[in-house]
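What follows is a short report on a single structure.
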Amino acid sequence: MKIPILRLGRILLTSVQIDLSDNDVLQFQSDVVAQISEVEALGIAIDISALDVVDSYMARVLSDTAGMARMLGAEVIISGIQPFVAMTLIEMGRGLIGADCVFNLEQAVERLNERIAERGDKFSYLRD
Amino acid sequence: MAKPHFEKSISIEASSDIVRARSEVRTIAASMGFGSADQTRLATAVSELARNIIQNAGSGVCEVTDISSTESVILHIVFQDNGPGIPDIALAMQDGYSTNGGLGAGLPGTRRLIDGFSIESRPGLTRVSITMQRESGLC
């Protein structure tokens, strides 16, 4: 199962719309990392509003993916974590997702643009 | 124990069965009247324990039983496999202990999501039982 990764200038947008198997999650991780590297993306927004289960494995892979993306030079925002998913992850004992989170994709793009502007990349043409 | 109202056996043989098991259990929990938060807790617990089967034993089975009484809605789920077993259960139940590259939140995290949790393991048989119970009309 391939999760589409859309390019918007030098930001990438991706939305996980179906329940992923472990193999799908790993495939998604390598697609994200490859795509960030290929277009030298300054940021990526990962929307998981359609996921109604995020278990410790998925949380680990998402968290790792965020770390990998940052290592390449991209900012990462995760959007749309469902309230019951947030409850469950915290109840399980950890703030399992090691990336900044926002309510929705729109906010994610705003936040990415702010972050990128703060970094001051000269060729960030995402803002006026 | 009274005769169960509902029984279902889900075989766990491939990683895609983890997805199927958590989705089926969510549907069953919803039909029994568990609320959305509890459905998510149960689906997540099932995901963790089904993955344990795949990673430790390769295959196994997940038995879902509705043992509700007049006072309570009770869902009982047993995960069983014939793998090598868990050598040190106390260690496996510790936060942060992991053999599978996960966060080490699998077993101890799962226990915090549900009401009843028991585990027995020896070479050739591992059985993890979980229960979620809510008063009728409250869930």
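The values are calculated or read from the model by the stated rules, or taken from the named source; none is laboratory data. Predicted, not measured: the structure shown is a model, and the values here were computed from it. Reconstructed Cβ throughout: ideal geometry from the backbone, glycine too, with neighbour counts over all protein chains shown.
State whether the residues of the stretch A:60-71 include one that is modelled with pLDDT of 95 or more, over 12 Å from the mean Cα position of the chain (by Cα) and within 14 Å of chain B (Cβ to nearest Cβ).
Within the stretch A:60-71, not a single residue is modelled with pLDDT of 95 or more, over 12 Å from the mean Cα position of the chain (by Cα) and within 14 Å of chain B (Cβ to nearest Cβ).
Looking at the stretch A:9-23 only, could you name the residues that are in contact with a strand residue (DSSP E or B) (Cβ under 6 Å, 6 or more places away or on another chain) and hydroxyl-bearing (Ser, Thr, Tyr)?
Scanning the stretch A:9-23 gives A:THR14, A:SER15.
Among the candidates A:SER49, A:SER63, which residue alone is part of a loop (DSSP other than H, G, I, E, B) and touching a Gly at 6+ places or on another chain (Cβ under 6 Å)? Working first, answer last.
Working: A:SER63 fails: part of a loop (DSSP other than H, G, I, E, B).
Result: A:SER49 is the single residue among A:SER49, A:SER63 that is part of a loop (DSSP other than H, G, I, E, B) and touching a Gly at 6+ places or on another chain (Cβ under 6 Å).
In the stretch B:1-52, what residues are aromatic (Phe, Trp, Tyr) and touching a Phe, Trp or Tyr at 6+ places or on another chain (Cβ under 8 Å)?
Passing the criteria: none in range.
Please specify each residue of the stretch A:1-16 satisfying the condition of being within 13 Å of the chain's Cα centre (by Cα) and within 14 Å of another protein chain (Cβ to nearest Cβ).
Within the stretch A:1-16, just A:VAL16 meets the criteria.
Inspect all residues belonging to the stretch B:87-100 and state whether any of them is within 16 Å of the chain's Cα centre (by Cα), at pLDDT 90 or above and not charged (D, E, K, R).
No, because not a single residue in the stretch B:87-100 is within 16 Å of the chain's Cα centre (by Cα), at pLDDT 90 or above and not charged (D, E, K, R).
Here are A:SER79, A:SER56, A:SER63, A:SER49: which of them is crowded, with 24+ Cβ neighbours inside 10 Å and among the small types (Gly, Ala, Ser)?
Checking each option against the conditions leaves just A:SER56.
Conditions: (1) modelled with pLDDT under 95; (2) within 14 Å of another protein chain (Cβ to nearest Cβ); (3) within 11 Å of the chain's Cα centre (by Cα). A:GLN29 meets all but one. Number of the miss?
(1)
Are there any helices (runs of 4 or more DSSP H) wholly within the stretch B:20-139 with 2 or more residues that are hydroxyl-bearing (Ser, Thr, Tyr) and either surrounded by 20 or more Cβ atoms within 10 Å (Cβ to Cβ) or within 14 Å of chain A (Cβ to nearest Cβ) (or both), and if so which?
Numbers: elements: B:36-56, B:89-92, B:106-113.
The helices (runs of 4 or more DSSP H) meeting that bar are B:36-56.
Test each condition in (1) under 21 Å from A:TYR57 (Cβ atoms); (2) at pLDDT 95 or above for B:HIS76 and report the one that comes out false.
(1)
Residue check, A:SER21 against (1) within 14 Å of another protein chain (Cβ to nearest Cβ); (2) small (Gly, Ala, Ser); (3) within 17 Å of A:GLY98 (Cβ to Cβ), all met but one. Which one?
Condition not satisfied by A:SER21: (3).
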